[in-house]
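Have a look at the structure below before the remarks.
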C-alpha cells in the first residue's frame, strides 16, 4: 500500500501542473507561454512526410474485497508507453505504426484474466489508400483499431493496460450523409513480450452504416457483425465452434429543451456447437443539459439489458455476447458487472466547478436477467452462478464519484466506487462490500 500512496502523491503533483511552468518576464506578467513538446521539436526538423509522437499513461488501482470476500485485496501500478510513427509518401497513401510497452508493478496477486503486460510490441501497423476520415473511397489494411458507436460491442478497449487491435482489412465508402464500413478482422492476443499475433480461426466480419441527419440532429447506424471461432456454449464451462450473427441498430440525437439521447438494440442468432443462439441486448440513455450558467450541470439516466441463459443445458444459448467491447464504466466504475445476463439502471450528475475540471457522481443498480445464469465481469468471465436459480436475482448497487482534469492532450482523473452486495452476492459470497480507487494520468509529448 505504501507504493500506492507514494505514486498517488507524485501523480497529484503532476496533475496540478500538466505543463512546465514559465519563467522570466512572461511569468511575471502571468502570461501563458506555450511550451513545444519534444515530438513537436523533432517533427520541426524532419521532412513533412514523416511525423512522430509519444504517449504515456500510468494508473494506480486499488481493490478491496474482490469477489466480495474478506481479505481478498489487490493493487497495482500500470505503466504504458506508446511511440507513434506516420509516413506520408503522397496525399492519398500513408503508413502508420505504433509501438507499445505496457507493464504492471506492485501487483500482489499474480493471477488474473486481464493482460497487464505487453512489452515491446507492435500494436498498430497499417497502410491507408485514400483519405480514411473524409474520402469517398478508402482502404485500410493491417493491424488497426475497430471502433464503432459507443464501443459497447466493438471497440479498442483503451482503458485496459494493453488495449485491443485487429489484423484487418477495412473498406470505407461515403456518399453525402452516408458512410458504409466493410471489414474482415481477427483479434490480436497480446503477448507478455515480443510481437503479438492474431488468433487463428477466430474472426469477425462486419458492415456498419452511418446515416447522418435523416432527421435534424440525428444519427442512424444499422450494423451487422458475423463472429466465427470458439465460443461459450449454453452449458457452463462448455466450449464449441461459434457461428454468431449480430444485427444491431444505434440511434443518437438531440431533442428539444436541451435533451439528448442514445438508444441501441442488438439481436444475436446462430449456433455454438450443437446449441442454437438466441440472445439480445438494449441500451438507452437520456441526458438533460441544465441552462447554461455556473458549473454547467447535466443529468443522465440510463437502462441496460442483456439476456441470459434461462435453462442451461437445454441446447439453447441465451447469454448475450459482448464481442469486443470497451466496457469500462458502462455499467459501473469498478467494472465488476458486465453487459451479460443483467438488467441495469443508472443515474447521475456531472458538474464543471472549474475550467477543465469535471466532477461526475453516479449510482447503479443491477439484477440478473435470468436467475439460473450468472453474474459476469466486464471481460465476460463468470463470477458466480447458481444453477438452481434459488439465490435471487438482485446483484447489488454501486455508488461512484470521478473527478477529471484535462489540459489539451493531457489529463488526470481520480475515481472511487463502492459496491453494496445484494441478495444474490450475499448468498454466493461473504457479501462484503467492494471498494475501488484509482488515479489515472496520461499525456502526449
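Just a few scattered comments:
- Entry note, region 73-212: relative contact order of 19 percent, from Cα contacts under 8 Å with a spacing of 6+ residues.
- Taking only alpha carbon atoms, region 339-385 gives an Rg to Rh ratio of 1.21, where Rh is the Kirkwood radius.
- Every Cα-Cα pair of region 294-445 was included, and the share exceeding 24 Å stands at 39 percent.
- Normalised convex hull volume, region 81-163, alpha-carbon set, Å³ per residue: 113 Å³
- Along its principal axes, region 297-348 has C-alpha extents of 49, 19, 15 angstrom, given from the largest down.
- Calculated [222 nm] ellipticity per residue, helices only, for the chain: -2000 deg cm²/dmol; basis is -39500 (n - 2.57) per DSSP H run with n ≥ 4, divided by all residues, nearest 500.
- Each 5 Å bin, from zero up to the one with the longest distance, holds this percent of the alpha carbon pairs of region 392-438: 5, 19, 21, 15, 12, 10, 7, 6, 4, 1.
- Per residue, the convex hull spanned by the Cα atoms of region 127-167 amounts to 88 cubic angstrom.
- Size descriptor, Kirkwood hydrodynamic radius, that averages inverse alpha-carbon separations across region 73-212, Å: 16.4 Å
- Highest average first, the peptides 314-321, 170-177 ordered by how many other beta carbon atoms sit within 10 Å of their residues are 314-321, 170-177.
- Antiparallel DSSP beta bridges within region 265-379, percent to nearest 5: 95 percent
- For the chain, the calculated P(r) over all alpha carbon pairs, in 20 Å bins from 0 to the bin holding the longest distance, is 21, 58, 20, 1 percent.
- Largest-first ellipsoid semi-axes for region 268-375, taking √(5λ) over the Cα gyration tensor eigenvalues, angstrom: 36, 12, 11
- Region 103-156 and region 373-445: distance between their alpha carbon centers, rounded to Å: 24 Å
- Ordering of 152-158, 139-145 by packing [mean C-beta count within 10 Å, highest first]: 152-158, 139-145
- Relative contact order (%) - the chain, alpha-carbon pairs under 8 angstrom, separation at least six: 12 percent
- Two-decimal Rg/Rh across region 249-325, once Rg and the Kirkwood Rh are taken from alpha-carbon atoms: 1.21
A short reminder: the numbers here are calculations on the coordinates, not readings from a lab. If you're wondering where the values come from, they're calculated on a predicted model, not measured in any experiment. Using ideal geometry, Cβ is built from the backbone for each residue, glycine included, and neighbour counts are taken over all protein chains shown.
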